[in-house]
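Here's the structure, in structure tokens; my notes come after.
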Amino acid sequence: MLLTPGLAAFDMDGTLLNKDSQMTEVTKEACRQLREHGCKLVLSTGRTYGSAQIPIDSFPFDGYVCSNGATLYEADGTLVQRISLPKDIVFDMLHMLRAEPIYYELHDTASSRMMVKEDRERLEKLIEEDISVEGMLMRRFAFYKLARIVPLAEMVEKVNSGESEIVKIFIWHSNPEKLEWVRQQLEPWSMRANITSSGSHNVEVIPQGVSKWEGLRYFCDKWGVGPEKVMAFGDAENDREALTGAGYSVAMENASEEIKQLAKYIAPHHNEDGVATFIRERIIGK
């Protein structure tokens, strides 16, 4: 029997996108067919709205849940909801992160991805001095190129004045042990912030109570879609709440076993047009 979702929510990295961070033409066509079946399409991602637009190449979604649910956007890009991290948490975490040579970004409601200039320069110096430093890998990633480099004094002023409302702190490292150290350091704030991850090499901090599922509920209410008619695709820890809340929960083949156990269905690997295959076989029927 074919499935009949009224809203389909797609995680991006490791789900909708292939290994080259592209939304393939095959996937776009499957999403068009899904919309023709009367299903609303929502992008549900840890990315900022701005960085989410790059790999989808102007494909028109009906709504956007960005920064793990901290910012919500209508189809035309209008920001309709935002939840920011408290300033004291931002400054305390910034102080902690600056104590070690580690890559991090502060994401705000304007889709800016910012890193303190002095810390970025310190990482660059380490990379140049020792080719074996894990940071060498960072230059391959889009986030490293997209980040805005801001002097510390300017960063502090932006946050203090409210010019930059920080909705997420993104931390990256190639060494899992280092990320575990980061999680331990963040533990004192775990009652006031949600500490999650969108992949095996990062840790993400978002406001307490924020999740992709809470963001999707806004669109469910707007379009009159019950949770039982929501289909959520995901592969990582930050998809946990959406996979738990959606009536049709779909984990990717490349997801961890823990995430797969949360889902009712498994889609093929993200690098094999897994989302498109699932849509065609389980919803469209061809």
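The values are calculated or read from the model by the stated rules, or taken from the named source; none is laboratory data. Note that this is a predicted model, so its numbers are computed, not measured. For neighbour counting, all protein chains shown are included, and Cβ atoms are generated from backbone atoms with ideal geometry for every residue, glycine included. Protein only, heavy atoms only, side chains kept; ligands, DNA and RNA dropped before computing areas. Shrake-Rupley method; radii C 1.70, N 1.55, O 1.52, S 1.80 Å.
Can you pull out the residues in the range 169-187 that are among the charged types (D, E, K, R) and open to solvent by less than 60 Å² (accessible area, probe 1.4 Å)?
LYS178
Which condition does GLN81 not pass, out of (1) part of a loop (DSSP other than H, G, I, E, B); (2) open to solvent by 30 Å² or more (accessible area, probe 1.4 Å), if it passes all the others?
(1)
In a strand (DSSP E or B), open to solvent by 10 Å² or more (accessible area, probe 1.4 Å) and at pLDDT 95 or above - does that describe any residue in the range 37-53? First the steps, then the outcome.
First, the residues of the range 37-53 that are in a strand (DSSP E or B): 40-44.
Among the residues that remain, those that are also open to solvent by 10 Å² or more (accessible area, probe 1.4 Å) are: 40.
Checking the rest, the ones that are also at pLDDT 95 or above come to 40.
Among the residues of the range 37-53, at least one is in a strand (DSSP E or B), open to solvent by 10 Å² or more (accessible area, probe 1.4 Å) and at pLDDT 95 or above, which makes the answer yes.
Select from the range 54-65 the residues that are surrounded by fewer than 18 Cβ atoms within 10 Å (Cβ to Cβ) and either assigned to a helix (DSSP H, G or I) or free of Cβ contacts under 8 Å to residues at least 60 places away in the same chain (or both) and list them in ascending order.
Taking the range 54-65 first, the residues surrounded by fewer than 18 Cβ atoms within 10 Å (Cβ to Cβ) are 54, 57-60, 62.
Within the range 54-65, ILE54, ASP57, SER58, PHE59, PRO60 qualify.
Quick check: is even one residue across the range 155-168 surrounded by 19 or more Cβ atoms within 10 Å (Cβ to Cβ) and closer than 28 Å to ASN18 by Cα?
yes
Please go through (1) open to solvent by 20 Å² or more (accessible area, probe 1.4 Å); (2) farther than 30 Å from VAL225 by Cβ; (3) modelled with pLDDT of 95 or more for ALA75 and return the number of the only condition it doesn't satisfy.
That leaves (2) as the condition not met.
What pairs come up if the first residue lies in the range 189-214 and is on the phi > 0 side of the Ramachandran plot, the second is part of a strand (DSSP E or B) and open to solvent by 30 Å² or more (accessible area, probe 1.4 Å), and their beta carbons are under 9 Å apart, counting only those six or more places apart or on different chains?
Note: pairs meeting the criteria are GLY209/ASN194.
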